[in-house]
Amino acid sequence: MTSTQANRLSVVLWSGAGLALLLLLYLLSPILAPFVLAGILAYVANPVVDRLSRYRLPRALAVTFVLLGVGLIFAGLVFIILPLLIDELGRLAGHAPAAIEQINQRLLPWLSHHLGISLRLDASHLNQLLAGNWDVIQPVLSQIYTSVKIGGMAFLGVVVNALLVPVVMFYLLLDWHGFIGRVAAFIPRRWQSRCQTMARDIDAVLAQYLRGQILVMMLLALYYSTALWLADIPSALSVGLVTGLLVFIPYLGFATGFGLALLVATIQFTGVAPIIAVLIIYGIGQLLESFLLTPYLVGERIGLHPLAVIFGLLAFGQLLGFFGVLLALPLSAILAVAWREVHMAYLASHFYQNEA
């Protein structure tokens, strides 16, 4: 077999292996989410574990301390949100009679005048309404029960994944350098130097991304807390902190903070002014995040043009859904490093330099 044939056979084998790996990842995609999340968290936490290990702390103990720290951060978020929800539910219960009276005086007369629907909210009328329409209500309740049962199974899956993430993260951190070494051993020797250089560049870019993202979170937490406080929205500090800290989760973080703020504004029952204020505050906040803070504080740190940041968010969201949006900027940064290498190789190639 000639060297040319050997090279072609090598290319075919490596291409086949790559396609087989992509197919396997596609087939296993339903169970990969906790492993991907654990890998991301392990990558972020590994420098802290390495630093603790330098102080002669056993790596297993260092990993345990880091996992406890991550757990405390998530627990802190829960303890910020739960008291807020409990307080607002109590406020809602206290305002319920006044709210029912407002509905009876303002909304129901309008329905009666324009739509011919005559109703009044009180316990006896509600019981009569339920008794007279039980044949209609029973299928609805059955459908609700089915939906709750399906939702319960989905919730159980979320809980199982949440419990699996720290376990996977522990073993990844415990043998992080061993995993990296075993992956590096698969790289052909003639490519190892170039791959190591690219890996260092990517690591530096991702570190800049994390610093920029943390800065964006802090600024947005300050903005939302201050703006909600100026608008006289109750629990402004808690809602603002939750919105800012969860903003790294695209859409879901913003939606959580916006939903909490809207709930707090609505159950004041002081008119539409607080609701309009929340809509304006979160509209401006979303514009600041999408078109100013993320493109300039994150994009510039990782060497991406603001337009490239916006395009990357849209493109990866279209291709990979929620995880695509979550990983859009890190993936864009990795592609930017790879593109620089490809560009340099192209400029040095015979194809580019040959004028004939």
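Summary of values
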read-out: Residues satisfying the stated conditions in segment 60-80, i.e. farther than 24 Å from Tyr171 by Cα and in contact with a helix residue (DSSP H, G or I) (Cβ under 6 Å, 6 or more places away or on another chain); value: Ile80
read-out: Unique residue being at pLDDT 75 or above and either of a type in the set (Lys, Arg) or surrounded by 13 or more Cβ atoms within 10 Å (Cβ to Cβ) (or both) when the list is Ala273, Ala265; value: Ala265
read-out: Selection from segment 223-262 of residues that are surrounded by 15 or more Cβ atoms within 10 Å (Cβ to Cβ), at pLDDT below 85 and among the hydroxyl-bearing types (Ser, Thr, Tyr); value: Ser235, Ser238, Thr256
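Yes or no, residue by residue, for (1) part of a helix (DSSP H, G or I); (2) of a type in the set (A, V, I, L, M, F, W, C); (3) in contact with a Phe, Trp or Tyr (Cβ under 8 Å, 6 or more places away or on another chain); (4) modelled with pLDDT under 75:
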| site | (1), (2), (3), (4) |
| --- | --- |
| Ser10 | yes, no, no, yes |
| Leu21 | yes, yes, no, no |
| Ile31 | yes, yes, no, yes |
| Ala38 | yes, yes, no, no |
| Ala62 | yes, yes, no, no |
| Gly71 | yes, no, no, no |
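The values are calculated or read from the model by the stated rules, or taken from the named source; none is laboratory data. Model, not experiment: these values are computed from the prediction. Cβ coordinates were reconstructed from backbone atoms using ideal geometry, including for glycine residues, and neighbour counts include every protein chain displayed.
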